[in-house]
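K.L.:
Below you will find the structure I want to go over with you.
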Amino acid sequence: MMVVNSQQYRLASQLVDLIHQHIGFHAGYRSIHAQGRYYAGVFTATPEARQISRASHFQGQPVPVTIRHSNSPAANPIGPADSVSMAVRFYLPDGTVTDLIALPITLFFTRTPEETLELLKIALPDPETGKADMEKVGQFLTERPSVMHAVGLRKQLPAAVSFARTAYHALHAFRFVNEAGAAVYARYHWEPDAGVATQTLEELHREKPTYLFEELEERLSRGPVGFKLVLELAGEGDPTDDPSAPWPEDRPRLTVGQLEITRPTTLEEIGDPVMMHDPTRVTDGIELSDDPILAARRGIYEVSVAHRTGGWKGRSAALQRAGCPFA
């Protein structure tokens, strides 16, 4: 488990505050991907998976999972659908869990948390005009071609037709270690069995805000919804510490598992009223890369949880442990 130090929490606090300045704060909701529903399922690894990793859920025995799909725009937790996500929690045989968070985008916007902070500050709307200074934003992006490329990909991303027909990507590289100690870096991808389909955001906005959930649940009434878990294997020289950097398109891909979503579930049934998904919560056989964005995510989520659960005023237990002097 990654240890988050006080400096990381200070940075996390600044990032969460800036996110709230951009999109507002909605008590009780996540800062981003606020509107979500939970589903139960099972994950079964392929025989090839154990060749890559000794992780317990890669050994071929089915393991239970919960899945959180979200469809809300950042600025309005009950508004029309905008961006979607899929977070999966694997319940391992030894009683621990590991999480995998994935989005439709293939690359993150920035290379470091500090760069994210700088971009969020530059993009803040002017109090008088209500608009960001696009000249400053443009200059920031021009000086960072990889960031400009990643931002451009996000702007071109179409809207979802269905949660079940969206490909999701975990963005970061992880290090996979097998029983023999051989290691390889890879990026995760969820590929839908139903195939990928998209529509324009305008078309999706003609539907009611809960449309994507209801469409998925209608599918589930007819049978499981499936996704293949695919690893994109890093090649020589591929950056593993920069989530904004693409890898060559010819990198080998290996299917390591099958996810079957079977039915809706609830936080009450799951028994976790907070359900904070943590991409740094890995298990033996899967290790974190040196990606600084990945390293920052746990602290950001813990700070966000403290805000949405009302624990921020009293300071969260995690922040107290880290000795962070936040007001």
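The values are calculated or read from the model by the stated rules, or taken from the named source; none is laboratory data. Treat the numbers as computed from the prediction; the structure is a model and nothing was measured. Every residue, glycine among them, receives a Cβ derived from its backbone with ideal geometry; neighbour counts consider all protein chains shown. Keep in mind that these areas ignore ligands, DNA and RNA; they rest on the heavy atoms of the full protein, side chains included. Shrake-Rupley method; radii C 1.70, N 1.55, O 1.52, S 1.80 Å.
K.L.:
Determine whether region 21-32 contains at least one residue that is open to solvent by 10 Å² or more (accessible area, probe 1.4 Å), modelled with pLDDT under 70 and within 28 Å of Asp193 (Cα to Cα).
P.N.:
yes
K.L.:
So which of Arg68, Arg50 is open to solvent by 50 Å² or more (accessible area, probe 1.4 Å) and modelled with pLDDT of 95 or more?
P.N.:
Numbers: Arg68 fails: open to solvent by 50 Å² or more (accessible area, probe 1.4 Å).
Going through Arg68, Arg50 in turn, the sole match is Arg50.
K.L.:
What do you reckon, is Arg253 open to solvent by 10 Å² or more (accessible area, probe 1.4 Å) and touching a strand residue (DSSP E or B) at 6+ places or on another chain (Cβ under 7 Å)?
P.N.:
For Arg253, the condition - open to solvent by 10 Å² or more (accessible area, probe 1.4 Å) and touching a strand residue (DSSP E or B) at 6+ places or on another chain (Cβ under 7 Å) - is met.
K.L.:
Give me the residue from region 285-327 that is part of a loop (DSSP other than H, G, I, E, B) and open to solvent by less than 50 Å² (accessible area, probe 1.4 Å) and, out of that set, modelled with the lowest pLDDT.
P.N.:
The selected residue is Phe326.
K.L.:
Considering only residues of region 151-185 that are in a loop (DSSP other than H, G, I, E, B) and among the β-branched types (Val, Ile, Thr), which is surrounded by the fewest Cβ atoms within 10 Å (Cβ to Cβ)?
P.N.:
Once the filter is applied, the top-ranked residue is Val161.
K.L.:
Can you find, within region 248-284, the residue that is modelled with the lowest pLDDT among those that are in a loop (DSSP other than H, G, I, E, B) and of a type in the set (Val, Ile, Thr)?
P.N.:
Val274
K.L.:
Can you tell me which condition Ala245 does not meet? The list is (1) in a strand (DSSP E or B); (2) in contact with a Ser or Thr (Cβ under 9 Å, 6 or more places away or on another chain); (3) open to solvent by less than 20 Å² (accessible area, probe 1.4 Å); (4) among the hydrophobic types (A, V, I, L, M, F, W, C), and all the others hold.
P.N.:
(1)
K.L.:
Could you run through region 200-240 and say how many residues are surrounded by 17 or more Cβ atoms within 10 Å (Cβ to Cβ) and assigned to a loop (DSSP other than H, G, I, E, B)?
P.N.:
Here the count works out to 5.
K.L.:
Same structure again: Considering only residues that are open to solvent by 60 Å² or more (accessible area, probe 1.4 Å) and modelled with pLDDT under 95, look in region 88-124 and name the one that is nearest to the chain's Cα centre (by Cα).
P.N.:
Thr106
K.L.:
For region 127-141, what are the residues that are surrounded by 10 or more Cβ atoms within 10 Å (Cβ to Cβ) and in a loop (DSSP other than H, G, I, E, B)?
P.N.:
Ala132, Asp133
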